[in-house]
Amino acid sequence: MKKTLISTALLLVSATGFAATSGLEAQVEANVYEAFTSLDVAGEGFITLEEAQAHDELFAQFMDVDVNGDGVISLDEFNEFMTN
Ligand SMILES: [Ca+2]
């Protein structure tokens, strides 16, 4: 429910053409953010190796996507993966 509200809010921001926040979320495409939140099952703000198993390509490249090597994929790391 919370995730749906966040996605809806982002879509509204895009539709109305102004950024409500200056955070990373505002810089990330709504579809990337939506994919991130759907994979972040626990809603902790990062994707664990276990959660990444739901995405074959992400799981296969997990070590490369986890640029800072902290064992989880953050939104900015996921954005790099999705947009490059
Ligand atoms: Ca990381």
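Please treat every number below as a calculation from the coordinates, not as lab data. Bear in mind the structure is a predicted one, so any value in this text is a computation, not a measurement. Heads up, the Cβs are rebuilt from the backbone with ideal geometry, glycines too, and the neighbour counts pull from every protein chain shown.
In order along the range 58-75, the Karplus-derived 3J(HN,Hα) couplings, from 6.51 cos²θ - 1.76 cosθ + 1.60 at θ = phi - 60°, round to 5, 4, 5, 10, 3, 5, 6, 5, 6, 4, 8, x, 8, x, 9, 9, 7, 4 Hz, and Gly and Pro are given as x. Applying both filters, DSSP loop and at most 11 other Cβ atoms within 10 Å, to the GluC sites (Glu not before Pro) of the range 23-84 gives Glu44. Ordered by the number of other Cβ atoms lying within 10 Å of each residue's own Cβ, fewest first, Leu58, Leu24 fall into the sequence Leu24, Leu58. Modelled spin-label separation between Glu80 and Ala42, with each label point placed 7 Å from Cα along the Cα-to-Cβ direction: 2.2 nm.
Where Lys and Arg each count +1 and Asp and Glu each count -1, what net charge lies around Asp64 among other residues with Cβ under 13 Å from its Cβ? After counting each charged neighbour, the total is -4.
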